[in-house]
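Working notes, structure below.
Since every read-out is calculated from the coordinates, none of them should be taken as a lab result. Note that the structure is a prediction, hence the values are computed from the model and not measured. Here Cβ is always computed from backbone atoms with ideal geometry, including for glycine, and neighbour counts include all displayed protein chains.
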Amino acid sequence: MNDYPVAIDPEDLPQHTGSGYPKPLAGRMGERARCALGDAFGLHQFGVNLARLGPGAQSALRHAHALEDEFVYILEGTPTLVTDAGETVLRPGMCAGFRAGTGDAHALVNRSDAEVVYLEVGSRKQNEAVDYPDDGMIGRNIDGRWTYLHADGTPFE
């Protein structure tokens, strides 16, 4: 039998704040929070998060996925999407998608005075590899654990 709910109110789920990035980089994320909507239903082929960015916060360091597709849909606010092609201001109702393996790094930055709320959806691949070109960092799944390394492969201390 299914032990998961049929429907939920995201307000009833825990908010995940902070960053798992290494200390020198984690502080740059600012006030951001995610609520794992997909996990509440036991979804394992893709993830769905309800994300919030306070003024000055960003979704992540600019990054490119090797194996995972990613999609964002803006619900509230006007974040700036930063990609290799430049910057695009998004508004509610707009969406953006990032196909795996393109090398096009992306991030959302809230340069406004109001909160940004958006949905992010991404595939979940076991051997994902992520590159962070602006920060000389890579993310890899090593022995079943997500690990951040310098671009040359040396660990952060």
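If you go through the range 135-146 and pick out every residue that is part of a loop (DSSP other than H, G, I, E, B), surrounded by fewer than 13 Cβ atoms within 10 Å (Cβ to Cβ) and charged (D, E, K, R), you end up with 1.
Quick grid of which residues meet (1) out of contact with any helix residue (DSSP H, G or I) (no Cβ under 9 Å at 6 or more places or on another chain); (2) within 17 Å of GLU31 (Cα to Cα); (3) surrounded by fewer than 16 Cβ atoms within 10 Å (Cβ to Cβ); (4) among the small types (Gly, Ala, Ser):
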residue	(1), (2), (3), (4)
ALA66	yes, no, no, yes
ALA85	yes, no, yes, yes
PHE98	yes, no, no, no
VAL109	yes, yes, no, no
TYR118	yes, yes, no, no
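State yes or no: is LEU43 hydrophobic (A, V, I, L, M, F, W, C) and out of contact with any strand residue (DSSP E or B) (no Cβ under 8 Å at 6 or more places or on another chain)? Yes: the conditions hold for LEU43. Annotation: of all residues in the range 109-127 being among the charged types (D, E, K, R) and part of a loop (DSSP other than H, G, I, E, B), the one that is nearest to PHE46 (Cα to Cα) is ARG124. Considering only residues that are surrounded by fewer than 10 Cβ atoms within 10 Å (Cβ to Cβ) and not in a helix (DSSP H, G or I), look in the range 1-13 and name the one that is nearest to the chain's Cα centre (by Cα). Filtering first and then ranking leaves ASP9. So, ALA66, is that one touching a Gly at 6+ places or on another chain (Cβ under 8 Å) and of a type in the set (A, V, I, L, M) or not? Yes; evaluated as a whole, the condition is true for this residue. Scanning the range 15-52 for residues that are under 20 Å from ASP134 (Cβ atoms) and part of a helix (DSSP H, G or I) yields LYS23, PRO24, LEU25, ALA26, GLY27, ARG28, MET29.
Restricting attention to the range 53-108, the residues that are in a strand (DSSP E or B), under 24 Å from GLY38 (Cα atoms) and aliphatic (A, V, I, L, M) total 9. Each residue in the range 38-64 was checked for being charged (D, E, K, R) and buried (at least 18 other Cβ atoms within 10 Å of the Cβ), and 2 pass.
The residues of the range 3-17 that are out of contact with any Gly (no Cβ under 7 Å at 6 or more places or on another chain) and in contact (Cβ under 8 Å) with a residue 12 or more places away in the chain, listed by number, are ASP3, PRO5, ILE8, PRO10, LEU13, PRO14, GLN15, HIS16, THR17.
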